[in-house]
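Working notes, structure below.
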Amino acid sequence: MYTIGLALTLRPGKYDGYKRAHDDLWPELAEGMRANDVSMAIYRDANRLFIFATAPSESHWDRSRQDPILADWDKRMCEFLEIDENGKLAFTLLSKAFGFGEFK
């Protein structure tokens, strides 16, 4: 199983909109993740969001990231999240500090 941890930073005052967008996740986006057996949870600590995702393999994860609808979703998320100097979402790849059981 492939696992990945990512962090993002919310823009001030944007959590409610971010949460609403995810509560109403676009069906096409969900279908692309389902088609690649991607599971995901997003946790919040103040203005930081932590994404934990799993997929059967890294290639499944990579395929899910190639879905054309994802680019539209990421553009939408730029309203709620900090962006980098290129105008893209400012993801931080987190290194795994510990894994146990299926997450080893």
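The values are calculated or read from the model by the stated rules, or taken from the named source; none is laboratory data. Since the model is a prediction, treat every value here as computed from it, not as a measurement. With ideal geometry, Cβ positions are generated from the backbone for all residues, glycine too; neighbour counts draw on all protein chains shown. SASA here: full protein model, heavy atoms, side chains in, ligands and nucleic acids out. Shrake-Rupley method; radii C 1.70, N 1.55, O 1.52, S 1.80 Å.
So, Ala41, is that one in contact (Cβ under 8 Å) with a residue 24 or more places away in the chain and not in a loop (DSSP other than H, G, I, E, B) or not? Answer is no for this residue.
The set of residues in the range 83-104 being over 16 Å from Tyr2 (Cβ atoms) and in contact (Cβ under 8 Å) with a residue 12 or more places away in the chain consists of Lys88, Leu89, Ala90, Phe91, Thr92. If you filter the range 47-104 down to residues that are assigned to a strand (DSSP E or B) and open to solvent by 50 Å² or more (accessible area, probe 1.4 Å), you find that the one that is nearest to Gly32 (Cα to Cα) is Phe52.
To keep it simple, each residue is scored yes or no on (1) touching a helix residue (DSSP H, G or I) at 6+ places or on another chain (Cβ under 7 Å); (2) among the charged types (D, E, K, R); (3) under 19 Å from Ile69 (Cα atoms).
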| residue | (1), (2), (3) |
| --- | --- |
| Ile4 | yes, no, no |
| Gly17 | no, no, no |
| Leu25 | no, no, yes |
| Glu28 | yes, yes, yes |
| Glu31 | no, yes, yes |
| Val38 | yes, no, yes |
| Asn47 | no, no, no |
| Phe50 | no, no, no |
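Checking each residue in the range 61-95 for being closer than 18 Å to Asn47 by Cα and of a type in the set (A, V, I, L, M, F, W, C) picks out Met77, Cys78, Phe80, Leu81, Ile83, Leu89, Ala90, Phe91, Leu93, Leu94.
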